[in-house]
Amino acid sequence: MNAAARAERTLRGRVAVVGIGETDYYRHGASPDPEFKLALKAILAACGDAGIDPRDIDGFASYSEERSEASRLAAALGTRRLRAATMQWGGGGGGCCAAVANAAASIIAGLADCVVVFRSLAQGQYGRFGQATGIDTISGEKAYLMPYGVLAPPQRFAMRVRRYMHEHGVKQEALRAIALASYHHAQSNPRAVMYGKPLDESKYDASRWIAEPFHLYDCCMENDGAAALVLVPAERAKEFKNTPVYVLGAAVGSGYRTGAIPHNSPRYASASFDTVAPDLYAMAGLGPSDVGVVQCYENFTGGVVMALAEHGFFKPEEANEFLKFENLMAPSGRLPLNTSGGNLAECYMHGFELVLEAVRQVRGVSTSQAKRNDVAMVIGGPMVTPVSNLLLGSEATL
Amino acid sequence: MSSNRRLTYLPDGLPIPVAEPDGLSAPYWAGLRRNRLMVQRCGHCTTWQFGPEWICHRCYAFDPEWTEIDPQGRIFSWERVWHPSHPVLKQHGPYLAVLVEIPHAGSVRMVGNLLGDPMQNISIGAQVEGVFEHHLSSDPPYSLLHWRLSSAL
Ligand SMILES: [Zn+2]
């Protein structure tokens with residue numbers, strides 16, 4: 001690297017994913033293991049995949065109020081020297097790519113050399129996002145929503161998607177195609193919670209409404225499990241046994257006053273990527289036509305519609321035409337989407353299973369491998385703030 | 001309690017709204033109790049702001065003033081909720097939540113329930129009027145702001 005390249009402020013090509021691992025994925029509350037044990041198992045699996053001694057990890061990064069805390073992990077694993085412990089603000093899956101970006105930044109800045117990025121969840125142990133309980137007082141944003149029965153995430157996001165459908169003429173069939181793609185890919189993935197449980201159009205159409213315009217199959221599952229990856233500097237990428245997968249870019253955040261509550265974001269009918277998507281492409285030096293396969297966080301299918309449009313794969317007015325099942329299938333659809341089954345049908349690991357799937361795509365070992373796999377995108381947590389995204393690539397893309 | 005249950009759009013037992021410990025939204029909730037809709041409007045640059053904040057997002061004047069506005073607006077978006085996400089809603093059936101835009105107050109938006117038939121057709125852009133709903137027997141007592149179609153009056 002010359003001095004000019006060293007001075008350039010970018011993640012592009014500076015770090016590589018050399019190991020991935022996850023626990024078995026369970027329906028929520030079904031994990032035989034407590035949450036912290038799940039985190040340890042996923043981290044050890046990722047270290048095993050990389051062929052690295054877990055004692056050499058010197059940093060941990062996570063998001064969404066992760067409870068498996070870095071110092072406890074370091075004590076449990078006998079970490080020789082803890083050097084980075086970063087947590088991304090914000091709930092949900094908006095941080096699933098930001099956690100990777102923060103780990104990458106720690107490495108590039110010289111703060112750490114081998115960072116594990118992970119998410120662990122045992123919702124039977126700690127409750128879940130989708131259910132409000134008890135009678136209590138509430139203040140802040142929720143006070144303007146919950147007394148009106150706008151309690152759980154489907155209810156918090158349905159109005160946003162309805163507005164987007166109204167503004168751009170998006171039809172229910174576009175949402176359905178996204179659900180069908182996830183379930184289709186899950187049928188090839190033995191890790192998937194919905195493996196062996198296919199979905200077709202009539203089953204989708206007949207499924208109950210959760211909150212219009214969301215049918216049951218438009219909403220993510222609730223699950224237990226953990227997933228982790230190992231990130232190292234690019235210079236060390238070839239010390240490990242697997243094909244390295246390089247970070248080409250990442251971006252985090254949201255646009256002007258996206259966080260204005262309650263539902264007062266100026267760009268309300270948005271997935272929050274209006275500023276974040278251009279940042280990602282600028283860092284990677286790539287555009288939408290360079291991307292071969294996308295993993296896009298499906299908290300709800302409607303968020304995927306918005307997020308893909310904001311990443312330039314189609315204009316909002318083209319959503320009905322683009323979002324057809326055959327266009328979203330691996331290996332050769334126009335844009336293979338959520339090739340592991342994603343949040344809807346593999347496992348709702350708050351999007352971290354999507355990051356692992358993007359690594360598998362670039363390695364060429366997905367259970368629904370895309371033909372074009374040199375550049376893989378992950379989109380985290382549409383409609384929340386901050387959101388984040390990630391481009392991964394093969395050595396050939398550097 | 002039981003008479004209150006019949007008079008409210010949703011059953012008792014949902015979370016009770018209160019101001020934050022620092023009191024940021026206290027004028028809003030106190031206003032609803034007196035059938036008044038209060039929204040922040042900066043005394044320095046006249047920018048409308050809702051939800052409230054301790055600073056005007058446009059000119060950075062602290063403590064934006066609270067102004068009463070007419071509770072009238074138009075439907076910006078809506079949803080019909082079927083899945084009960086709270087134990088008290090388990091036998092309730094579908095209900096409507098709307099996001100209402102208030103053009104005469106800087107187009108700030110607020111969420112409420114749309115009164116009337118939960119299966120009614122809804123048009124984005126339809127004019128609505130505010131309806132205050134008081135939960136006086138609740139502990140602590142509180143008030144909400146619902147909406148009904150102006151054409152239904
Ligand atoms: Zn001002």
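The values are calculated or read from the model by the stated rules, or taken from the named source; none is laboratory data. Computed from a predicted structure; not experimentally measured. Heads up, the Cβs are rebuilt from the backbone with ideal geometry, glycines too, and the neighbour counts pull from every protein chain shown. In case anyone asks, the SASA skips ligands and DNA or RNA and just uses the protein heavy atoms, side chains included. Shrake-Rupley method; radii C 1.70, N 1.55, O 1.52, S 1.80 Å.
Evaluated with a Cβ-only charge set (Lys, Arg +1; Asp, Glu -1), chain A carries a dipole of roughly 380 debye about its Cα centre, given to the nearest 20. Among all stretches of chain A without exposed GluC sites (Glu not before Pro) (DSSP loop, at most 13 other Cβ atoms within 10 Å), which one is longest? The longest uninterrupted stretch comes out as A:66-398.
A 1.4 Å probe run over the protein chains yields, for the protein assembly as shown, 38 Å² of accessible area per residue, whole-number rounding. Going by the alpha-carbon gyration tensor, a ≥ b ≥ c the square roots of its eigenvalues, is the protein assembly as shown rounded (a/c under 1.5) or, if a/c is not under 1.5, prolate (a/b greater than b/c) versus oblate? Prolate shape, in that a/c is at least 1.5 and a/b is the bigger ratio. The Stokes-Einstein estimate for segment A:271-371, based on a Kirkwood radius over Cα pairs and taken at 20 °C with 1.002 mPa s viscosity, is a diffusion coefficient of 154 µm²/s. Taking B:PRO84, B:PRO64, B:PRO27 as the candidate residues, the one with maximal mean-square fluctuation in a Gaussian network model of chain B, Cα springs under 10 Å, is B:PRO84.
With a cut-off of 10 Å between beta carbons, the residues surrounding A:TYR256 carry a summed charge of +1, where Lys and Arg count +1 and Asp and Glu -1. Separation of segment A:45-115 and segment A:229-281, taken as the distance between their Cα centroids, equals 17 angstrom.
Amide H contacts of B:PHE76 (H built 1.01 Å from N, in plane; Pro and chain starts excluded): B:LEU99, B:VAL100, B:GLU101, B:GLY125 sit under 5 Å, all sequence-distant by 5 or more or on other chains.
With each label modelled as a point 7 angstrom along the Cα→C-beta vector, the B:HIS134-A:ASP24 pair spans 5.8 nm.
Across segment B:15-153, the mean sequence separation of Cα contacts (distance under 8 Å, 6 or more residues apart), normalised by length, yields a relative contact order of 20 percent.
Past 31 Å, Cα to Cα: identify those pairs from A:LYS197/A:LYS324; A:LYS41/A:LYS203; A:LYS37/A:LYS324; A:LYS203/A:LYS315; A:LYS238/A:LYS324; A:LYS37/A:LYS203, in the order given. The answer is A:LYS41/A:LYS203; A:LYS37/A:LYS324; A:LYS238/A:LYS324; A:LYS37/A:LYS203.
Here is how the number arises for chain B: DSSP H runs of 4 or more residues each give -39500 (n - 2.57), the sum is divided by the residue count, and the result at 222 nm is -2500 deg cm²/dmol. For the protein assembly as shown, A:CYS47, A:CYS96, A:CYS97, A:CYS114, A:CYS219, A:CYS220, A:CYS296, A:CYS347 stand unpaired, since no other cysteine beta carbon lies under 4.7 Å from theirs.
For chain B, the Cα-based Rg and Dmax, in that order, read 16.3, 50 Å. By how many degrees, 0 to 90 and rounded to 10, does the Cα axis of helix A:98-108 deviate from the longest principal axis of chain A? Here the helix axis deviates by roughly 20 degrees.
If you take the beta carbon distance between A:LEU44 and A:LEU111 as r and set R0 to 22 Å, what does 1/(1 + (r/R0)^6) give as a FRET efficiency, to the nearest 0.05? Efficiency computed from Cβ-Cβ geometry: 0.40.
For segment B:82-127, accessible area lost to neighbouring protein chains reaches 40 Å² or more, against the chain alone with a 1.4 Å probe, at B:TRP82, B:HIS83, B:SER85, B:HIS86, B:LEU99, B:ARG109, B:VAL111, B:ILE124. Around the amide H of A:ARG119, modelled in the peptide plane, lie the amide H atoms of A:ALA227, all under 5 Å away and 5 or more residues distant in sequence or on another chain.
Dividing the mean sequence gap of close Cα pairs (under 8 Å, 6+ apart) by how many residues segment A:29-97 holds gives a relative contact order of 34 percent.
Look at the alpha carbon pairs under 8 Å that are at least 6 residues apart: their mean separation over the length of chain A gives a relative contact order of 25 percent.
Amide H contacts for B:THR67 (H built 1.01 Å from N in the peptide plane; partners 5 or more residues away or on another chain; cut-off under 5 Å): B:VAL39, B:GLN40, B:ARG41. Once the chain from A:TYR256 to A:SER207 is taken as fully extended at 0.36 nm per residue, the excess over their C-alpha distance is 13.9 nm. Per-residue Karplus couplings for segment A:382-391, computed as 6.51 cos²θ - 1.76 cosθ + 1.60 with θ equal to phi - 60°, are listed in order as x, 5, 9, 8, x, 9, 7, 8, 7, 10 Hz, Gly and Pro entered as x.
Each chain gives up part of its surface: A and B jointly bury about 3700 Å² of accessible area, both sides summed, for a 1.4 Å probe. 3J(HN,Hα) along segment A:152-161, derived from phi through the Karplus expression 6.51 cos²θ - 1.76 cosθ + 1.60 where θ = phi - 60°, amounts to 9, x, x, 6, 6, 10, 4, 5, 5, 5 Hz, with x in place of Gly and Pro.
Magnitude of the charge dipole for segment B:26-152, about its Cα centre and with charges confined to Cβ atoms of Lys, Arg (+1) and Asp, Glu (-1), is about 120 debye. For the pair B:LYS90 and A:GLU317, label points projected 7 Å from Cα toward Cβ lie 5.0 nm apart. A straight Cα-to-Cα reach below 14 Å connects B:LYS90 with the aspartates and glutamates B:ASP12, residues fewer than 8 places away in its own chain not being considered.
Residues of chain B were split at every exposed loop site, defined as chymotrypsin sites (Phe, Trp or Tyr not before Pro) in a DSSP loop with at most 15 other C-beta atoms within 10 angstrom, and the longest piece left, sites excluded, is B:61-153.
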